[in-house]
Amino acid sequence: MTERLADISRRVHNVRQLEAVVTAMRGIAASRAQQSRALLAPVRTHAGVIAGAIAEALALLPSPAPRGATPGTPGLLVLFAAEQGFAGAFNDLILDAAGPVAGELFLIGSRGAILAEERGLKPAWQTAMAPHVDGVLALAERIAAALYERLPATRPARVEMLFPVWSAGTGLTVQRRSLLPLDLAAFARPPRRTRPLTTLPAARLLEQLAEEYVYAELCAAALSAFAAENEARVAAMVAAKANIERILEGLVARERSVRQEEITAEVVELAAGAAAVT
């Protein structure tokens with residue numbers, strides 16, 4: 001026999017252990033995706049409340065004039081990629097969507113940074129994606145702090161976010177959204193009959209609200225990216241488990257066949273020995 005039963009049994013055992021690891025990874029990724037989706041809704045609600053406050057603060061200005069980026073101002077792209085592997089083509093899809101980056105690049109995600117370097121992209125700033133959903137809000141704070149430290153105060157640069165979104169129907173998609181400077185005209189609403197009570201000058205109040213709104217948008221993008229990475233990992237683990245089951249089915253069938261062959265060989269050998277004795 002070309003194959004030994006012990007060797008096949010060992011392979012079956014190893015494949016079953018691998019199946020257990022894949023199942024555990026799928027469960028962890030699914031749990032993290034669910035946690036991030038649950039947190040995303042209140043973050044978006046918070047962003048909506050801040051947007052309403054900005055609209056009211058705009059009404060307090062004598063002549064609100066949104067300040068945009070000056071023509072020719074270099075842009076900055078905040079790109080959310082994966083922190084870990086086993087997520088299929090997740091990072092490739094995001095980097096393909098980013099294309100050539102004309103301005104500076106802020107890259108979030110260690111695994112994505114490795115692939116970006118292979119493509120010749122050199123981030124001006126890079127940090128790891130939060131390993132757990134509890135760290136996503138702190139991650140948004142780090143990104144916001146790095147942005148305000150990097151951007152000039154007198155000439156606001158164009159800042160865009162590129163982040164993945166996962167939906168049950170379409171799977172992974174990549175969204176590009178403008179972050180800075182804020183289009184204050186988009187927040188304009190009909191003025192209220194009563195002026196809101198404030199303790200800060202209108203310009204200072206608007207500046208602080210704008211910073212809070214940017215933070216909320218970064219939180220939402222980071223949570224979407226965190227959820228999408230884990231959903232992509234769930235999909236990859238589901239595909240891996242299906243492949244493992246096919247391999248295991250073939251190995252188990254081969255194990256039974258070899259066992260039967262060994263039993264048959266032993267029976268034939270015993271029968272031949274008995275015949276020789278008689």
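When each of Asn243, Asn230 is tested for being at pLDDT 80 or above and in contact with a Ser or Thr (Cβ under 9 Å, 6 or more places away or on another chain), the lone residue that passes is Asn230. Residues that are crowded, with 18+ Cβ neighbours inside 10 Å, small (Gly, Ala, Ser) and farther than 18 Å from Leu223 by Cα are absent from the range 135-155. Would you confirm whether any residue within the range 186-204 is modelled with pLDDT of 85 or more and out of contact with any strand residue (DSSP E or B) (no Cβ under 6 Å at 6 or more places or on another chain)? Taking every residue of the range 186-204 in turn, at least one turns out to be modelled with pLDDT of 85 or more and out of contact with any strand residue (DSSP E or B) (no Cβ under 6 Å at 6 or more places or on another chain).
Yes or no, residue by residue, for (1) of a type in the set (D, E, K, R); (2) surrounded by 13 or more Cβ atoms within 10 Å (Cβ to Cβ); (3) touching a residue at least 40 places away in the same chain (Cβ under 8 Å):
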{"position": "Arg4", "(1), (2), (3)": "yes, no, yes"}
{"position": "Asp7", "(1), (2), (3)": "yes, no, no"}
{"position": "Val15", "(1), (2), (3)": "no, yes, yes"}
{"position": "Leu39", "(1), (2), (3)": "no, yes, yes"}
{"position": "Thr45", "(1), (2), (3)": "no, no, no"}
{"position": "Ala51", "(1), (2), (3)": "no, yes, yes"}
{"position": "Leu58", "(1), (2), (3)": "no, yes, yes"}
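Might you check whether a residue that is assigned to a helix (DSSP H, G or I) and closer than 30 Å to Phe86 by Cα occurs anywhere in the range 44-62? Yes, the range 44-62 contains at least one residue that is assigned to a helix (DSSP H, G or I) and closer than 30 Å to Phe86 by Cα. When the residues of the range 115-164 are filtered to those that are assigned to a helix (DSSP H, G or I) and of a type in the set (Val, Ile, Thr), the one that is farthest from Arg176 (Cα to Cα) is Val133.
Annotation note: Cβ proximity below 8 Å between a residue of the range 126-139 that is of a type in the set (A, V, I, L, M, F, W, C) and a residue that is crowded, with 22+ Cβ neighbours inside 10 Å and assigned to a strand (DSSP E or B) (sequence gap 6+ or interchain) occurs for Ala128/Ile108; Met129/Phe80; Met129/Ile108; Leu139/Ile108. Each residue in the range 94-114 was checked for being in contact (Cβ under 8 Å) with a residue 12 or more places away in the chain, surrounded by fewer than 18 Cβ atoms within 10 Å (Cβ to Cβ) and in a helix (DSSP H, G or I), and 2 pass.
The values are calculated or read from the model by the stated rules, or taken from the named source; none is laboratory data. Being a predicted model, the structure only gives us computed values, none of them experimental. As a convention, Cβ positions derive from the backbone with ideal geometry for all residues, glycine included, and neighbour counts pool all protein chains shown.
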